[in-house]
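Student: A single structure is presented below for examination.
None of the figures in this text is laboratory data; all of them are computed from the coordinates on show. Quick caveat: nothing in here was measured; it's all calculated off a predicted structure.
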Amino acid sequence: MRMETSKGNEGWVVAPEGPLAGEAVDAFLRKVEACVRTGDPRVALDCARVPYMDSRGLDALVSTCRELFARGGALEIRHVEGALALIFRATRMERHLDRLGPRATPDRLASPAALGAVA
């Protein structure tokens with residue numbers, strides 16, 4: 001899996017390309033750990049090019065949120081759209097992440113209107 005990282009004023013941005021599932025989850029966790037080792041525990045996950053996430057990927061997000069929060073940082077999840085947004089809603093991921101801090105909540109899941117007509 002291809003995964004870009006960049007450093008900005010508000011921490012690191014990790015941008016995977018492809019599903020966050022299987023072995024890609026291990027690559028994501030290694031990338032986050034490398035970012036945190038620089039001394040900045042603030043990470044944003046850019047999901048603009050992540051079409052799908054399996055249960056292992058979802059579990060990795062929750063554990064990453066906990067770990068970053070414990071280190072004084074946060075995980076911000078950006079650009080949760082399409083099928084990935086439906087997965088987050090179906091698993092109530094925003095509720096799990098919201099308990100871990102205000103920046104953890106996915107930006108596109110703040111309201112049901114963000115998903116359009118979902119029955």
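Student: Starting from the amide H of GLU76, placed 1.01 Å from N in the peptide plane, find each other amide H under 5 Å away whose residue is 5 or more places distant or on another chain.
Tutor: Correct list: VAL43, ALA44, LEU45.
Student: Just subtract the alpha-carbon distance of ASP26 and ARG95 from 0.36 nm times their residue separation and send over the number in nm, one decimal.
Tutor: 22.4 nm
Student: Could you give me the ³J(HN,Hα) list for region 80-92, computed from phi with Karplus coefficients 6.51, -1.76, 1.60 and θ = phi - 60°, whole Hz, x at Gly and Pro?
Tutor: 8, 9, x, 4, 5, 5, 5, 4, 4, 5, 4, 8, 6
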